[in-house]
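Undergrad: What follows is a single structure, and I will ask about it in a moment.
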Amino acid sequence: MSDADDKDETRRGWLVRRTAVEAVLTNLLDEPATGAAAWTRTFAGIVALLLAIQLFTGVLLAFYYVPSDGSAHATVAYMEKALAGGSFLRSLHFYGSQLLPLAIVLHLAGMCWRGADRRKPVGWLVNVLLLSLVLANGATGYSLPWDARAFFSTQVASNIAGGFPLIGPYTRAWLVGGADVSTLTLSRFYALHVIVVPAALLLTVVARLFVFKESSAPLTASPMFDCAWARAQLTRNSVVIGIVFAALSVYAGMHPAPLGPAAESAPAGYLPRPGAQFIWLFQLLKYAPASVASMLALFVPGILLGALALLPLLNARSKKLRRGLALSVFASGTLLVAGLSLISYLEDARDPRIRERLAAQSRQEEEFRNSPFVPLRATTDSRLFDDAGSKGRSAQDQTGALTTPSAAPAAFLNHCAKCHGENGAGKSIYPPLTGVSRQPRRAVEDIIAIINNPSSYGLEQRMPSFANKLTEEEKRAIAIWVASL
Amino acid sequence: MCCARREIANRRASVAPVIFLEREFILADRENSVEVRDKLRRRILFWIPAAVFASVSATLAAAAFRFLRPREQTGAARDQPSGWTQVAPLTELQGTRVVGRTVPIEQRAGWSVTFKNRMVFILPPQNNLVLSAVCPHEGCDVEWLDSRGEFICPCHDSRFAADGTLLTGPAKSGLTKIPARVVEGVLEIQPPVDAPIAMLPETRGRG
């Protein structure tokens, strides 16, 4: 080896010589681009920023969050109220999750405008996949705080899953991990939200950067990296990233992400609303009869994402015509989503009853936010008086447990026992009622409301309303008895 | 329109071929002054991304630092200095035998309050002296050996006399005496706090 080679070797550095760092960096940077550097090409930078924010803040939230029925809400409230920076980080995560789909759609719009969907079909497909994954993560993450907002959106999502013909009950059971939305649902959504979907997201991003590289035009003889272009574009991207981050931070600092009281203490008649990225779907389902709502909820987003994915296949006689067609397909999908979202917000603002209700709910959230943090208290395992004392108490407990439940009211036996059993133990597919009052929103008043209108509580439609078949006294008697089970 | 733009880009590329050479690049066919001006421009262009990256990272890192800072762990005794816990009625503390009791001690850590059972020994012959069972050496629970009238630590065989004073090591001191009092015929203690951890106080705040 000559001296010159030696010198070159030492200059290139220890790490570079031993690893593939240089190859990776070259691979990352050598993607040729067509056209000039432009501000309209900065959306990819915003997507990268938001993905990084989601990953970073998500990991931080996972340091405290505990996905269980009893502790999820307490841990989120602890972060919000007791930890410095907690509210800020959670707000970044919350608003980031809603901005991310928007940023990806804008990036896709830019690509479509430049005709890049046709020239870089693999890159386009990867971005559509990214959009789907980001939406999936938004949907699963919304459940995790386990306040009323989270609980009911989970309830609604599970009922949508349960509404499919034939496979509905199975889909629902697999999604929620049992017959009802419970602590098992929370751990399922948690695993999906923090492991499964992010892993797929990271794989997609890495694959896009290092594997699915494609040049729009065949590479010229020398694949020389156009440094001037990259610098100019990097500068524009950085400026936009800085502005977006500053705006997002200020907004997150001024409007903390919503968090209400725990799901158990949600008032009757809580009006759930999904995250901003799903408002359009929520509005669409309002127009649909209940029988097809589930199909719509699956197929409309499916068709929109599918149309996006298939857009590169669109062909036409001339380049100009093709571009026009592609743009109009893209625009009509976007208009549908934007229009429905707008209508939803307008409807909520116009209807005085809904407006009142939503305002009351956000007042309640605000009140909860301003109240001091109350830690989750484990019940005392107080074996204070090891011998005599505890014996006395456990004897007492036993007598308490052994007292036979009072007999079911006649109205229950006449109307409810057919499905739920004479002692409320349930039969085959009909759920047991024992211990139901320990679940959230199953107080006596709630049970009466369920008897009147089961679907308003998100129950399966198999249970009919008993509003006119029972007197008010009978309903109350049944509810009190069921609550005692 | 698109084609025209590409043509301009191509023309620019042919007029000024750019050669990428580590951190420097030389613009061929240009005069010296142009090179100097471009160098300055490049430097500015480098600082904008660097500044954005640094400020975004700094903001997030600062929030992360405040968020992850260890919190103080508190026991009941520190939460309420006057927190007395009942141990046993005096009627059970008669005779000469040492009495062992487990006392639930409140542990507040972050979002949860739990109870940890801690062992104490009560010595009726010595005016109901209460000793913590925690060996001052490595923190194992000592045992009372009735036959020898001594406390012995199962971990490293430290031995303590019936009043808690150290007999033989490796422990360096006797068993901790726990403040006790009698109220209405019931012995109460001020629960011991686990090894005090000096940490930052619980803060309340946003942002």
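The values are calculated or read from the model by the stated rules, or taken from the named source; none is laboratory data. Quick caveat, the model's predicted, so the values are computed rather than measured. When we count neighbours, we look across all protein chains shown, and the Cβ atoms used for this are built from the backbone with ideal geometry, even at glycine.
Undergrad: Condition check: within 12 Å of chain B (Cβ to nearest Cβ), touching a strand residue (DSSP E or B) at 6+ places or on another chain (Cβ under 6 Å) and either under 24 Å from A:V374 (Cα atoms) or part of a helix (DSSP H, G or I) (or both). Does A:A48 satisfy that? Spell out how you get there, then give the answer.
TA: Numbers: within 12 Å of chain B (Cβ to nearest Cβ): yes; touching a strand residue (DSSP E or B) at 6+ places or on another chain (Cβ under 6 Å): no; either under 24 Å from A:V374 (Cα atoms) or part of a helix (DSSP H, G or I) (or both): yes.
No, not satisfied.
Undergrad: Within the range A:324-365, count every residue that is among the small types (G, A, S) and more than 22 Å from the chain's Cα centre (by Cα).
TA: Initial filter on the range A:324-365 (among the small types (G, A, S)): A:324, A:326, A:328, A:331-333, A:338-339, A:341, A:344, A:349, A:359-360, A:362.
Next, from what is left, pick out any that are more than 22 Å from the chain's Cα centre (by Cα): A:324, A:326, A:328, A:331-332, A:349, A:359-360.
Number of matching residues: 8.
Undergrad: Still on this model: Restricting to strands (runs of 3 or more DSSP E) lying wholly in the range B:84-198: which have 2 or more residues that are free of Cβ contacts under 8 Å to residues at least 40 places away in the same chain? Quick ask: steps written out before the conclusion?
TA: Numbers: elements: B:85-89, B:99-109, B:112-123, B:129-132, B:143-145, B:150-152, B:166-168, B:180-183, B:186-189.
Of the strands (runs of 3 or more DSSP E) lying wholly inside the range B:84-198, those with at least 2 residues that are free of Cβ contacts under 8 Å to residues at least 40 places away in the same chain span B:99-109, B:112-123, B:143-145, B:150-152, B:166-168.
Undergrad: Criterion first (touching an Asp or Glu at 6+ places or on another chain (Cβ under 7 Å), more than 11 Å from chain B (Cβ to nearest Cβ) and surrounded by fewer than 22 Cβ atoms within 10 Å (Cβ to Cβ)) does A:V122 satisfy it?
TA: Spelling it out, A:V122 is indeed touching an Asp or Glu at 6+ places or on another chain (Cβ under 7 Å), more than 11 Å from chain B (Cβ to nearest Cβ) and surrounded by fewer than 22 Cβ atoms within 10 Å (Cβ to Cβ).
Undergrad: Can you pull out the residues in the range A:357-387 that are facing another protein chain (nearest Cβ under 8 Å) and modelled with pLDDT of 90 or more? Don't jump to the end; show me each part of the working.
TA: Of the residues in the range A:357-387, the ones facing another protein chain (nearest Cβ under 8 Å) are A:372-373, A:375-378, A:380-387.
Result: no residue meets the conditions.
Undergrad: Still on this structure: Looking only at the range A:51-64, count every residue that is more than 18 Å from B:V113 (Cβ to Cβ) and facing another protein chain (nearest Cβ under 10 Å) and tell me the total. Outline the logic, then answer.
TA: First, the residues of the range A:51-64 that are more than 18 Å from B:V113 (Cβ to Cβ): A:51-63.
Filter once more, keeping what is facing another protein chain (nearest Cβ under 10 Å): A:52-53, A:56-57, A:59-61, A:63.
Of the residues in the range A:51-64, 8 are more than 18 Å from B:V113 (Cβ to Cβ) and facing another protein chain (nearest Cβ under 10 Å).
Undergrad: Next question. If a residue must be in contact with a Pro (Cβ under 7 Å, 6 or more places away or on another chain), polar (S, T, N, Q) and crowded, with 17+ Cβ neighbours inside 10 Å, how many such residues does the range B:85-116 contain?
TA: 2
Undergrad: Here's a follow-up. Report the residue count in the range B:184-207 for those that are within 14 Å of another protein chain (Cβ to nearest Cβ) and modelled with pLDDT of 75 or more.
TA: Qualifying residue count for the region: 5.
Undergrad: Which of the residues that make up the range A:113-163 are of a type in the set (F, W, Y) and either out of contact with any strand residue (DSSP E or B) (no Cβ under 8 Å at 6 or more places or on another chain) or on the phi < 0 side of the Ramachandran plot (or both)?
TA: First, pick out the residues of the range A:113-163 that are of a type in the set (F, W, Y): A:113, A:124, A:142, A:146, A:151-152.
Hits for the range A:113-163 are A:W113, A:W124, A:Y142, A:F151, A:F152.
Undergrad: Among the residues of the range A:6-26 satisfying the criterion of being at pLDDT below 70 and surrounded by 12 or more Cβ atoms within 10 Å (Cβ to Cβ), which is farthest from A:V105 (Cα to Cα)? So that I can check it myself, show each step before the final result.
TA: Residues of the range A:6-26 that are at pLDDT below 70, as a first pass: A:6-12.
From what is left, the residues that are surrounded by 12 or more Cβ atoms within 10 Å (Cβ to Cβ) are A:9, A:12.
Numbers: A:E9: 46, A:R12: 41 Å.
Looking at residues that are at pLDDT below 70 and surrounded by 12 or more Cβ atoms within 10 Å (Cβ to Cβ), I get A:E9.
Undergrad: If I filter the range B:98-132 down to residues being within 14 Å of another protein chain (Cβ to nearest Cβ) and of a type in the set (G, A, S), which single residue comes out as nearest to B:Q86 (Cα to Cα)?
TA: B:G100
Undergrad: Ok, one more. If a residue must be without any contact (Cβ under 8 Å) to a residue 40 or more places away in the chain, closer than 19 Å to A:K286 by Cβ and aromatic (F, W, Y), how many such residues does the range A:148-183 contain?
TA: Residues that pass the stated criteria total 0.
Undergrad: Here is a follow-up. Among what's in the range B:56-88 and is more than 10 Å from chain A (Cβ to nearest Cβ) and modelled with pLDDT of 75 or more, pick the residue that is nearest to A:S249 (Cα to Cα). Can you show your working first?
TA: Of the range B:56-88, the ones more than 10 Å from chain A (Cβ to nearest Cβ) are B:58, B:70, B:72-84.
With modelled with pLDDT of 75 or more added as a condition, the list becomes B:58, B:70.
Values: B:A58: 13, B:P70: 24 Å.
Across the range B:56-88, the extreme among qualifying residues is B:A58.
Undergrad: Test of understanding: among A:L271, A:L234, A:L259, A:L248, which residue is within 14 Å of chain B (Cβ to nearest Cβ) and part of a loop (DSSP other than H, G, I, E, B)? Steps first, answer last, please.
TA: Details: A:L271 fails: within 14 Å of chain B (Cβ to nearest Cβ); A:L234 fails: part of a loop (DSSP other than H, G, I, E, B); A:L248 fails: part of a loop (DSSP other than H, G, I, E, B).
Answer to the selection: A:L259.
Undergrad: Please pick out the residue among A:A84, A:A52, A:A109 that is surrounded by fewer than 22 Cβ atoms within 10 Å (Cβ to Cβ) and out of contact with any helix residue (DSSP H, G or I) (no Cβ under 8 Å at 6 or more places or on another chain). Before the answer, list the steps.
TA: On the way: A:A84 fails: out of contact with any helix residue (DSSP H, G or I) (no Cβ under 8 Å at 6 or more places or on another chain); A:A109 fails: out of contact with any helix residue (DSSP H, G or I) (no Cβ under 8 Å at 6 or more places or on another chain).
The match here is A:A52.
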